[in-house]
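Let me begin by presenting the structure, written as structure tokens, before commenting on it.
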Amino acid sequence: MSELTLIIGGTRSGKSAFATKLAKNHKHVCYIATADSGQSSQANDAEMLERIQKHRKSRPAEWKTIEAPLALDKAISNINGTVDVILIDCITIYVTNMLLGSHKEEGDEHIIDAINKLCSVCKNTPFHVIIVTNEVGYGVVPDNAISRRFRDIAGYANQIIAREADNVYLVTAGIENKIK
């Protein structure tokens, strides 16, 4: 039976570490990275490539890894083999990829549609799914239109996933609190 867990928190709050800890409770883990070294709009500089490498090294070698900067619903639907849990890290990079990628002229609705499709697939998959995302609403109002648009879309995406999730954890300063 599927179970959807959302882990949300600020930058460097310990979200990914907590998600990894939860995933390690399962034998067969599939890690889906929304940033990749070749296609993602996020992997366009040396610092981001270094972050991606650091994340790769932090995962157990036996975990299956899929890089899916776009179409997360299809990536999950195409998983075959023995998997107990899928860990997706992270939604805010996924939103950025769609916002700045080839579909940027389609408007914000296509991003919200993609999030709804993701939730539907996650709720109907036989795997436990853990999703990591950044809380973007605690900061200052950005000073430019694209940043405000990102903040708004990411906030809506987080609300949609939290509503559909069976469990929601807020991670702050390395301390996880179950809020749903």
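Here are the numbers for the structure shown:
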quantity: Proximal charge balance of ASP166 [Cβ under 13 Å; K/R count +1, D/E count -1]; calculated: +2
quantity: Per-residue [θ]222 nm for the chain (sum of -39500 (n - 2.57) over DSSP H runs n ≥ 4, rounded to 500); calculated: -13000 deg cm²/dmol
quantity: Scattering profile of the chain at q = 0.12, 0.13, 0.14 Å⁻¹ [log10 I(q)/I(0), Debye over alpha-carbon scatterers]; calculated: -0.52, -0.62, -0.72
quantity: Non-local Lys pairs in the chain, i.e. 8 or more apart or on different chains, that have alpha carbons under 13 Å apart; calculated: 4
quantity: Charge sum, other residues only, whose C-beta stays under 9 Å from LEU4's C-beta, Lys/Arg counted +1 and Asp/Glu -1; calculated: -2
quantity: Charge tally in the Cβ shell below 15 Å around ILE179, where Lys, Arg are +1 and Asp, Glu are -1, ILE179 excluded; calculated: 0
quantity: Contour excess over end-to-end distance, with Cα ends at TYR138 and ARG163 and 0.36 nm allotted per residue; calculated: 7.1 nm
quantity: Principal axes of the range 124-180: Cα extent on each, largest first, Å; calculated: 41, 29, 14
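Read-outs: derived from the displayed coordinates by stated rules, not from any lab. None of the values given here were measured: they were computed from a predicted structure. Don't worry about glycine lacking a Cβ; one is built from the backbone with ideal geometry, like all the others, and counts go over all protein chains shown.
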